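The values are calculated or read from the model by the stated rules, or taken from the named source; none is laboratory data. Values in this document were obtained by computation on a predicted structure and should not be read as measured data. Cβ sites come from the backbone with ideal geometry, for glycine too, and all protein chains shown count toward neighbours.
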């Protein structure tokens, strides 16, 4: 054991499910299990709900998923930016906090992410298959090894510097995306594009017209695949699927699958193409009809599954993926798309939903200018994403070495 390190029972080292005073019936920030991203340190939420039960926590606490498969998938995050610093969430969270004069809350977060603690927690899981969970009482008895408080803070500082850069890049990408959507609205909804005139003809700028999707877009449904064709990560061909689209739109990198079975040429999709979710459980319209842009870093050729439509501009159209993507996010267009969905338990988007909607078709030069500007933004976002992947690799390689004392920090 390294110098200045000692053995603790986990319950003596950190507070587990510490008391937080919240009033029943009041509204507080609410964190769902799906909000936790295993590759990110922080979780935030803009949702507020009435308190009726669940785990309670405050800013700086660590939320630790205790149920399968969330624990195995590493859903462990430090919560921040709660309204008034307080919140609640799923009953399937264990909440960890540094113990006064014993442990640093940031160090406790990294401790819970360590392979040693997680693997022990997984071994302690009990219950029926598919609903197994680790109990607080079992974890409390787990023995861990940790340094003194000063060294804890130094270790947490090193790892936090990487996570803070990751967080900065994520925030930059959110800002860039908000800017892009604002520019689309200003140019193509408010008609305040470069060189615009206040004079309108039939409610539209000169040269603009009302158009229908089917005259400008080609729409194709993806591959109906067999599970036996799915391959390990990095093997086979990348396959964009329903889990590749975020609720509200945007590409979800962790949703990519790989496929080694048969497919046809019509199922191929390249980078910078538009895919649209055509399926959703329930009828809240959180996912169905929303678009995503296929990234460059999955290569020049991928395929897409049957729960996805690919939307391409026709060969004679001057519209671009950049224009189409933001067009599909507009409320008036979404209303028309949603009008073409149906189903009972599973809601489906008919292909008509991407053929019948009407929209305002701008003149070519404005579309070109907009697309060039958006491409610059998209490239910056991809650069930030790739930098984050490198930072995550460095962090994850350092974490076990620092948390076991194999790499010593200077006092």
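Report yes if residue 276 is farther than 27 Å from residue 344 by Cα and surrounded by 15 or more Cβ atoms within 10 Å (Cβ to Cβ), otherwise no. In short, no. Exactly one residue out of 111, 117, 94, 63 is part of a strand (DSSP E or B), modelled with pLDDT of 95 or more and in contact with a helix residue (DSSP H, G or I) (Cβ under 7 Å, 6 or more places away or on another chain): that is 94. For segment 394-410, the set of residues classified as surrounded by 11 or more Cβ atoms within 10 Å (Cβ to Cβ) and without any contact (Cβ under 8 Å) to a residue 12 or more places away in the chain consists of 396, 401, 407, listed by residue number.
Residue 34 meets each of the listed conditions (1) at pLDDT below 95; (2) part of a helix (DSSP H, G or I); (3) over 24 Å from the mean Cα position of the chain (by Cα) apart from (3).
Considering only segment 67-77, I want to know if a residue exists there that is over 24 Å from residue 394 (Cα atoms) and touching a helix residue (DSSP H, G or I) at 6+ places or on another chain (Cβ under 6 Å). No - not one qualifying residue is present in segment 67-77.
May I ask you to say which residue of 274, 351 is within 24 Å of residue 253 (Cα to Cα) and modelled with pLDDT of 95 or more? Exactly one of 274, 351 is within 24 Å of residue 253 (Cα to Cα) and modelled with pLDDT of 95 or more, namely 274. Among the residues making up segment 37-52, a single one is assigned to a loop (DSSP other than H, G, I, E, B) and under 16 Å from residue 66 (Cβ atoms): 38. Against the test of being over 23 Å from the mean Cα position of the chain (by Cα) and more than 19 Å from residue 196 (Cα to Cα), the options 409, 363, 368 yield a single qualifying residue, 409. Candidates are the residues of segment 273-303 that are in a strand (DSSP E or B) and farther than 26 Å from residue 376 by Cβ; the one that is farthest from the chain's Cα centre (by Cα) is 303.
Return the residue satisfying two criteria in turn: it lies in segment 287-316 and is surrounded by fewer than 14 Cβ atoms within 10 Å (Cβ to Cβ) and closer than 25 Å to residue 181 by Cα, and of such residues it is modelled with the highest pLDDT. Across segment 287-316, the extreme among qualifying residues is 314.
Looking across segment 204-214, the residues that are within 22 Å of residue 336 (Cα to Cα) and touching a strand residue (DSSP E or B) at 6+ places or on another chain (Cβ under 9 Å) come down to 204, 208, 209, 210, 211, 212, 213. Count of segment 46-83 residues, restricted to those that are free of Cβ contacts under 8 Å to residues at least 24 places away in the same chain and out of contact with any strand residue (DSSP E or B) (no Cβ under 7 Å at 6 or more places or on another chain), is 2. Scanning segment 345-354 turns up at least one residue that is surrounded by fewer than 20 Cβ atoms within 10 Å (Cβ to Cβ), in a loop (DSSP other than H, G, I, E, B), on the phi < 0 side of the Ramachandran plot and in contact with a strand residue (DSSP E or B) (Cβ under 9 Å, 6 or more places away or on another chain). Taking residue 181 as the residue in question, decide whether it is more than 16 Å from the chain's Cα centre (by Cα), touching a residue at least 24 places away in the same chain (Cβ under 8 Å), part of a helix (DSSP H, G or I) and within 18 Å of residue 98 (Cβ to Cβ). Taking the combined requirement at face value, the residue does not satisfy it.
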